[in-house]
Amino acid sequence: GSIVKGHILEIRSREVLVDIGYKSEGVIPLSEFDDVEDLQVGDEVEVLLVRLENEEGMVILSKEKAAYRQNWEKIVGVFHQSGIIKGKVKAVVKGGLTVNIGVEAFLPGSQIDIVPPKDLNQFVGNTYEFKIVKINDDRKNVVLSRRELIEQERSEKRQRFLGTIKPGDLVRGAV
């Protein structure tokens with residue numbers, strides 16, 4: 001259950017052998033590595049210790065679960081501080097969008113913009129800043145809002161504008 005650092009000992013066809021300083025090496029499925037071509041013997045990796053021994057006496061490790069836990073802790077930290085995080089819109093789902101912020105998060109359709117857009121597909125693949133509205137630690141889900149940031153920005157612009165004008169000033173605007 002803990003995250004440990006290890007060094008790659010061997011890269012096999014379906015798994016990677018990692019030394020974590022335990023009595024036997026650990027194995028990680030090769031599918032958990034995004035950049036298989038860049039892997040080299042001796043590289044340091046952070047992994048989650050899943051089980052101390054399987055049937056063959058090997059330590060079971062997971063790189064994906066370690067990364068997920070670290071991302072989750074980072075997201076919870078951001079939520080408690082500023083609440084603002086960058087993310088990339090992955091797909092359109094019922095009721096809104098899924099966004100990758102290190103973990104998968106949900107952006108309700110009503111929170112995408114001030115006026116909810118008709119075509120949600122225009123957002124897919126784009127990166128935006130979002131406010132983390134809600135985190136459920138038990139179910140590991142995150143709800144985001146882009147609308148709150150846009151409203152806050154508009155309010156600040158309005159305050160700056162009203163602070164610079166005086167009665168009788170001539171201003172140009174669009175209807």
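The values are calculated or read from the model by the stated rules, or taken from the named source; none is laboratory data. No experiment lies behind these values; they were computed from the predicted model shown. Counting neighbours? That spans all protein chains shown, and the Cβs are built from the backbone with ideal geometry, glycine included. Remember, those area values only see protein heavy atoms, side chains included, never the ligands or the DNA or RNA. Shrake-Rupley method; radii C 1.70, N 1.55, O 1.52, S 1.80 Å.
If we only count strands (runs of 3 or more DSSP E) wholly inside the stretch 16-103, which ones have 3 or more residues that are open to solvent by 60 Å² or more (accessible area, probe 1.4 Å) and basic (K, R)?
84-93
Test of understanding: among V142, V133, which residue is open to solvent by less than 80 Å² (accessible area, probe 1.4 Å) and in contact (Cβ under 8 Å) with a residue 60 or more places away in the chain?
V142
Please go through the stretch 45-92 and pick out each residue that is among the charged types (D, E, K, R) and in contact with a Ser or Thr (Cβ under 7 Å, 6 or more places away or on another chain).
Matches in the stretch 45-92: K86, K88, K90.
Is it true that S82 is polar (S, T, N, Q) and in contact with a Phe, Trp or Tyr (Cβ under 7 Å, 6 or more places away or on another chain)?
So S82 fails the test.
The conditions are (1) part of a helix (DSSP H, G or I); (2) under 20 Å from V76 (Cα atoms), and S110 fails exactly one of them. Which is it?
Only one criterion in (1) part of a helix (DSSP H, G or I); (2) under 20 Å from V76 (Cα atoms) is unmet by S110, namely (2).
It is to be established whether one or more residues within the stretch 119-126 are closer than 30 Å to V47 by Cβ and in contact with a strand residue (DSSP E or B) (Cβ under 9 Å, 6 or more places away or on another chain).
No, there is no match, as no residue in the stretch 119-126 is closer than 30 Å to V47 by Cβ and in contact with a strand residue (DSSP E or B) (Cβ under 9 Å, 6 or more places away or on another chain).
Quick grid of which residues meet (1) under 19 Å from A105 (Cβ atoms); (2) open to solvent by 100 Å² or more (accessible area, probe 1.4 Å):
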{"residue": "D119", "(1), (2)": "no, no"}
{"residue": "T127", "(1), (2)": "yes, no"}
{"residue": "D137", "(1), (2)": "yes, no"}
{"residue": "K166", "(1), (2)": "no, yes"}
